[in-house]
Amino acid sequence: MENRTYRYLKDEPLFPFGFGLNYGDTYLEAVDILDESPNRSRGLNLRVEISNRGRATKDVVQVYVKNDSKYAALNPTLVEFEKIAISSGERAIIELKINEDAFKVVDNEGQFITDGKSSKIYIGLSAPDVLSERLTKKKCKCIDMDWLI
């Protein structure tokens with residue numbers, strides 16, 4: 001799969017995944033974990049606050065996960081998204097459920113397993129890559145999760 005999909009791309013693409021889909025000026029303001037005791041076997045619940053400093057628009061809140069595992073894909077994997085419509089000057093709060101499967105990887109035998117001691121969870125309005133940051137001038141928020149084994 002090397003260099004065939006965004007998950008396994010080593011080179012920089014001409015345009016990042018989903019780039020150019022929004023004509024507004026939306027920003028990710030805050031991300032909070034809603035779970036008192038986060039546990040990857042139960043999934044994860046997030047509250048995300050978005051603001052719009054431009055004209056009314058639609059955008060997509062995206063969540064990517066990069067697991068600390070020798071079996072993990074090269075790049076973070078899109079695990080959840082939600083389309084939003086947001087008026088000019090408005091703030092919107094959405095809640096996202098990250099399924100426990102987002103924290104699994106496929107081993108060499110083709111089995112889905114929970115592996116590794118940590119995960120990076122990226123939340124934003126684009127993919128968590130250098131090109132997206134350069135083109136949009138916006139950076140994804142990153143949550144480092146250390147899991148109790």
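The values are calculated or read from the model by the stated rules, or taken from the named source; none is laboratory data. The shown structure was predicted, so the numbers you read here are calculated from the model rather than taken from an experiment. Virtual Cβ from ideal backbone geometry, glycine too; neighbours counted across all protein chains shown. Calculation scope for accessible area: heavy atoms of the full protein, side chains included, ligands and nucleic acids excluded. Shrake-Rupley method; radii C 1.70, N 1.55, O 1.52, S 1.80 Å.
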| request: Would you check which residues across region 136-149 are open to solvent by less than 70 Å² (accessible area, probe 1.4 Å), farther than 19 Å from residue 42 by Cα and outside any loop (DSSP other than H, G, I, E, B) and list them? | output: 136, 142
| Failed item, numbered, when residue 60 is tested on (1) among the hydrophobic types (A, V, I, L, M, F, W, C); (2) modelled with pLDDT under 95; (3) open to solvent by 50 Å² or more (accessible area, probe 1.4 Å) | (3)
| task | Evaluate region 40-51: report whether one residue or more is open to solvent by 70 Å² or more (accessible area, probe 1.4 Å) and closer than 13 Å to residue 26 by Cα. | result | no
| task | Given the conditions (1) over 15 Å from the mean Cα position of the chain (by Cα); (2) farther than 16 Å from residue 30 by Cα, report the number of the one that residue 92 does not fulfil. | result | (2)
| Does region 69-94 hold any residues that are aliphatic (A, V, I, L, M) and either surrounded by 15 or more Cβ atoms within 10 Å (Cβ to Cβ) or in a loop (DSSP other than H, G, I, E, B) (or both), and which are they? | 72, 73, 74, 78, 79, 84, 86, 92
| said: All but one of (1) part of a strand (DSSP E or B); (2) over 23 Å from residue 130 (Cα atoms) hold for residue 54; state the number of the condition that does not hold. | reply: (1)
| field | Complete set of residues in region 100-116 that are touching a residue at least 24 places away in the same chain (Cβ under 8 Å), open to solvent by less than 70 Å² (accessible area, probe 1.4 Å) and farther than 26 Å from residue 34 by Cα | value | 106, 107
| modelled with pLDDT under 95, within 15 Å of the chain's Cα centre (by Cα) and surrounded by fewer than 15 Cβ atoms within 10 Å (Cβ to Cβ), is that true of residue 97? | no
